[in-house]
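Can you keep this structure in mind? I'll have questions shortly.
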C-alpha cells in the first residue's frame, strides 16, 4: 500500500507564508479595483479567509504534532535561523485567532475609511512578523521579525489621519519604538561580542565555554529592555496608553493581544535557550530581574487603571497589568521550579487573554461606532439598548479580573501555582492583591452598563453592525468555553514549553 509523500521541512512555515501571500493579494485587489463598490467587502473577505486559513493550518500542525517530540522534534530551517516547534505554533494560533476577530470587526468599523486596503495589508503584514518572531532562533531573525511586526503597527496606530489623537499616538509609539529597537540592537551587539554567535543555541554553548564578562551582563539587560517595549512592560510601557487610546479600537485589540503575545514568546525562547541560567549565572540572575519587573508591571498597570475615567484607557493600563502576570512565566523559573509548568502557565494565560482582551477592546469599538463617549458614565444604561453585547462585555470584564466567568479564572490560578512552584511567594501575593484590586475597575464597567441610569439623554443605538457583533460574540463564547476546556490548552502549552528545557 502506498503512503502519502512527506511534506518538505519548509512547509512548516506555511502559516506565516499564508499571511504574507494574503497581504500581497490585498495589494493586488486594491491595484485592480481601488474604488469599486465591492472593494471594501472583498478586502475584508480576503483578510478573513487568509487568517482563517492560517489558523486552520496551524491547528492541523498542532494536532499532527509538527515540530514536536512525538514526530521527531523541532524543525530548524535556514541554517537554524528559524525553528518550528510547539511553542511557535501555539503563538501562531493566538495571533491568527486575534487577527481573525480584528478583521471581522474592522469591516463595519472602517466603513468610511479611505485607506482600507493599506489598513488590512498592514494588519496582515504585522501578523506575519509576529508569527516569525515566535519561530526566530537567532538574534538576527528575531530583530528582523520584530521590525516587520513593529513598522506596520506604527502606521496602523496613526491610520485615523484626521484624528489628532491618533496621529499623536502613532508618533509617540514610533519614537519610543525606535529607542527600544536601538537598545535591543545594541544589546544584541554586546551579546555577539561576548559569544561570537547569533543563533540562540550557539550563544549558550559559547557562553558555557568562555569566561563571562560585564559586557555580557549589560547586553542581557539591554535585550530585556528591548523586549519590555514589545510586551508593554515597565519601564517601556509609556507608549501603550497613548497608542491604545489613539488607535482605532480593532488595532488597540490587535496590539494589546497579538503583539504582546509575540513579544513574550520571543522572550521565553531567548532566555531559556540563549541565556539559560546555568550559562549566565556568573554575571546576571535574570530571574530576579524579571521578578522585579513582574511586580512593578502588574502593580503600576493595575493602580493606574484604577484611576482612569476613560474605559479605553483603563483597558490600556489593564493590559500593562496583565503583562506583569505573564512575566511570572519567566520570573518563577528558579532552580527548584518545574520549568515546563511555570513557562506553560504563562503561555496558557496569553492564549486566554487573547480572546477576552480582544473582545473587550472590540466592544469599545462597537460603542465608538455608535458615537457613544468613552467614559464610564457614557456607558450608563447601555445594556437596555444592546443586552447581548453588554453580556459579552460582562464576561470579558469578570474573566479579566479572574472570576469564574471564563478561562481567565483558571489561567490566573495556574500563574499563581507557577509562582508557588517557583518558590517566589512575593509574586503570588502581588498576583492576588492586584487581581483583587482590578475587580474594582472592571466591575465599574459592568455597573455602568447594567445598573446606572443615563445622566443625560438615553443612549441611542444606531444599528447593530454584523461584523463587530460576530467578533464580540465569538470572543465571548470562546472565553466561556475555555473555563471547562482549559485542560487541553494548558497541556499543549506545557508540552510546547518542555521542548525548551530538553
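Nothing in this text is a laboratory measurement; each read-out follows from the coordinates by a stated rule. From a predicted model like this one, the values you see are computed outputs, not experimental measurements. Methodologically, a virtual Cβ is constructed for each residue, glycine included, from the backbone with ideal geometry; neighbour enumeration extends over all protein chains shown.
Over all distinct Cα pairs, what is the inverse of the mean 1/r for the range 354-397, reported as the Kirkwood hydrodynamic radius in Å?
Evaluated on the range 354-397, it is 10.6 Å.
Using just the helices of the chain, give the 222 nm mean residue ellipticity in deg cm²/dmol: DSSP H runs with n ≥ 4 each add -39,500 (n - 2.57), and the total is spread over all residues, rounded to 500.
Helix-only estimate at 222 nm: -23500 deg cm²/dmol.
With axes computed from alpha carbons, what is the tilt in degrees of helix 14-32 against the longest principal axis of the chain, rounded to the nearest 10 within 0 to 90?
Taking the Cα atoms of the chain, the angle to 14-32 is about 40 degrees.
While we're here: Suppose R0 equals 56 Å; then what is the FRET efficiency for residue 111 and residue 209 from their Cβ-Cβ distance, rounded to the nearest 0.05?
Computed FRET efficiency for residue 111 and residue 209 comes out at 0.40.
Something else about it: Over the residues of the chain, compute the C-alpha Rg and express it relative to 2.2 N^0.38 Å.
Rg over 2.2 N^0.38 Å, computed on Cα atoms: 0.93.
How would you rank 384, 230, 312, going from fewest to most other Cβ atoms within 10 Å of each one's own Cβ?
384, 312, 230
Between residue 17 and residue 186, what is the spin-label point distance in nm, taking each point 7 Å from the Cα along the Cα→C-beta axis?
Between residue 17 and residue 186, the simple spin-label model gives 4.0 nm.
How would you order 159-165, 464-470 from highest to lowest mean count of nearby Cβ atoms within 10 Å?
Highest to lowest by the protection proxy: 464-470, 159-165.
For the chain, find the longest principal axis of its Cα atoms and tell me its angle to the long axis of helix 408-421, 0 to 90°, nearest 10.
The helix 408-421 is inclined about 30 degrees to the chain.
Using the 10 angstrom Cβ neighbour count as an exposure proxy, how do 309, 245 rank, fewest first?
Fewest-to-most Cβ neighbours within 10 Å comes out as 309, 245.
Report the Cα-based extents of the range 285-502 along its three principal axes, largest first, to the nearest Å.
60, 32, 22
Here's a follow-up. Between residue 384 and residue 425, how many nm apart are label points set 7 Å from Cα along the C-beta direction?
5.2
Taking neighbour Cβ counts within 10 Å as the exposure measure, how do 374, 269 sort from fewest upward?
Fewest to most other Cβ atoms nearby, the residues stand as 374, 269.
Taking N as the number of residues in the range 409-502, what is its alpha-carbon radius of gyration divided by 2.2 N^0.38 Å?
Output field value: 1.56.
Now for a different question. Once you place label points 7 Å from the Cα toward the Cβ at residue 60 and residue 167, how far apart are they in nm?
Placing both labels 7 Å beyond Cα along the Cβ direction yields 4.6 nm.
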